[in-house]
Amino acid sequence: MDLRYTVAPRALSLLWAVAAWFVLLWAAPAPVLAQALAAGAPVDAAIVQAVSRLTYGPAPGSLAQAAAMGLDAFIAAQLEPERLPEPPELERALAGLASQHMDTVRLFREYGPPAEAAGQDGPEGMRRTFDRADVVALEAAEARLYRAILSPRQLAELMTAFWCEHFSLGAKKGLAHLWVGSFEREAIRPHAMGKFLDLLAATAMHPAMLIARDNWKNVVHRDGGKAARDALDPTYAALLLAHHTLGPGGPQKPADTLALARILTGWRVGAARADSDTGGFYFDVDLHDPADKVLLGQPVQGVGLGEGAMALRILAEHPATARNISRKLAVYFLADDPPAPLVARMAETFGATGGDIREVLRTLATSPEFVDPKYRGGRIKSPLRHVVSAVRALGATPSDTAALAGALAELGQPLFAADGPEGYPAASAAWQKPEALPRRVRFAGDLAAGRIPGLGPTARVSAPALAEVLGPSLSPAVGQAAAKAGSGGAGLILASPDFLRY
């Protein structure tokens, strides 16, 4: 969606001044900003750190609420999202998105290629199919934004975003584009803070992943019960090893990729044919390689669909997977180059708990490194984090998030559109691009002035009120500049280095 901004000349000149200032301070070392955070802070800096990292950012009253709870209780509450009731306004917003209440199979029936168009591959038919998929994908993006802004289950929302990138479906690719929302709802959300093996299995068997990463066409043709002709496609097997589990520096060899590809043959998309087939997934034994295999030195007996379950368990329980996932989580929540001892403790928790994601996060969030002053203010917000944190800081209750989804595209992070194998990067250095500053500044100005559709006048908040919401995360310099900026003060804050660092 294309979002065009219009900014009054006076506000534009002010915000360009902020952009110039931002360029000068962009590379400011984290300790300098940490000193600003600590100077005269009415809220403990560790609380600010926890709220900034475990949520999308402070909303009105959230810092005071976290301070009243205490650091340990705040962390514990976010680690148990099922205990936090969702607000009625979120439920109402989601109720208005029809496709969000349809499972994968029904989405195909309602929005997929019409039955009468079967076999018609003309450009006009394909365009209509993609247009229908675009409608569903936009509603999925709107739902993600509603939840990120309004839900008190902030850590769970951050983890949903994390796993959606870790298990990225890539950019538009056939039916996978239609199913980005059902993939998030069915494969990611239920397991985002559960067991990694369950998450791995749910993503591997979802039709969106099967199509997006080509495993649906990874087959062998059999003759008399034996594999007679290969049509192997190792694309997904390679991705599963090098990115989803063991990591690019893992112990896997080319033979392991081929063995895993053979294990995963016959995993198809279509109507259920057996009790094990659900949600658009089915196992075609006639297209599966029945031979025994060896994966990472472990024998895998040729028993059909059960081979896949055994292979996923081998990968989920491997120490290299524990290290890979733990390091990525530490990068996402703490630092681009996280301390090795912390990553090692997280990996140890991963192994000891059978890949319990919640417990790995607990190890991270309760570690001394997590509240170490040297890591405060050292990260740059991604466009998603910038957009959501800004709307939350203003206390706006969106009636429509389509324009915000368009803003993300304008800022360089359209939801569900990353084409790399790991989605959008978790490392904040990837978002440290000076050429993106004018767009960020323009968005901040329009948001603060109430010019973003779907947010209305509730987004217009004075600079002093916004500064109170953000508390000690704002330095005195930013507060003074915002006070002098008059009506443009809130926009200045939302475009400032203090706000874009966390």
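Quick note: the coordinates plus some simple rules give every number you see, no bench work behind them. Given the structure is predicted, the values throughout are model-derived calculations rather than measurements. Because the Cβ atoms are built from the backbone with ideal geometry, glycine has one as well, and the counts that use them run over all protein chains shown.
Over segment 258-320, all Cα pairs binned in 5 Å intervals from 0 give whole-percent P(r) values of 4, 19, 28, 22, 15, 9, 3, 0, listed from short to long. Lysine pair count for the chain with Cα-Cα distance under 19 Å and sequence separation of 8 or more or different chains is 8. The coefficient of translational diffusion for segment 50-162, derived via Stokes-Einstein from the alpha carbon Kirkwood radius under 10 °C and 1.306 mPa s, stands at 95 µm²/s. For the pair D337 and A309, a Förster radius of 41 Å applied to the C-beta separation gives a FRET efficiency near 0.70, rounded to the nearest 0.05. What fraction of the Cα pairs in segment 267-423, stated in percent, has a spacing above 19 angstrom? Here the long-distance tail beyond 19 Å is 71 percent of all Cα pairs in segment 267-423. Amide H to amide H, with H built 1.01 Å from N, F281 comes under 5 Å of G270, counting only residues 5 or more places away or on other chains. Within the shell defined by Cβ-Cβ distances under 12 Å, the residues around L466 carry a net charge of 0, with Lys and Arg each +1 and Asp and Glu each -1.
Working from the Cα coordinates of segment 157-266, the gyration tensor eigenvalues give, after taking √(5λ), semi-axes of 26, 17, 12 Å in decreasing order.
For the chain, find the longest principal axis of its Cα atoms and tell me its angle to the long axis of helix 319-333, 0 to 90°, nearest 10. The angle comes out near 30 degrees.
Remark: the K173-A291 segment gains 39.3 nm on full extension, using 0.36 nm per residue and subtracting the alpha carbon distance. Across all directions, the shadow cast by the convex hull of segment 321-395 built on its C-alpha atoms averages 5.7 square nanometres. Ordering 492-498, 128-134 by mean Cβ neighbour count within 10 Å, with the highest value first, yields 492-498, 128-134. When peptides 58-65, 360-367 are sorted by average Cβ neighbour count within 10 Å, with the highest value leading, the order is 360-367, 58-65. Calculated [222 nm] ellipticity per residue, helices only, for the chain: -15000 deg cm²/dmol; basis is -39500 (n - 2.57) per DSSP H run with n ≥ 4, divided by all residues, nearest 500. As a rough guide to protection, the peptides 469-477, 427-435, 178-186 ranked by mean Cβ packing within 10 Å, highest first, stand as 178-186, 469-477, 427-435. Classified by the C-alpha gyration tensor, segment 404-467 has a prolate form. Its axis ratio a/c, with a ≥ b ≥ c, is 1.5 or above, and a/b is larger than b/c. Each part reduced to its alpha carbon centroid, segment 188-208 and segment 313-346 end up 18 Å apart. Apply the Debye scattering formula to the chain, with a single equal point scatterer on each alpha-carbon and no solvent, then give log10 I(q)/I(0) at q = 0.08 Å⁻¹. Here log10 of I(q) over I(0) equals -0.52. Which shape class applies to segment 212-285: rounded if a/c is under 1.5, otherwise prolate when a/b exceeds b/c and oblate if not, where a ≥ b ≥ c are the square roots of the Cα gyration tensor eigenvalues? The shape class here is oblate.
Take the Cβ atoms of S462 and A76, set R0 to 35 Å, and the FRET efficiency comes out at 0.55.
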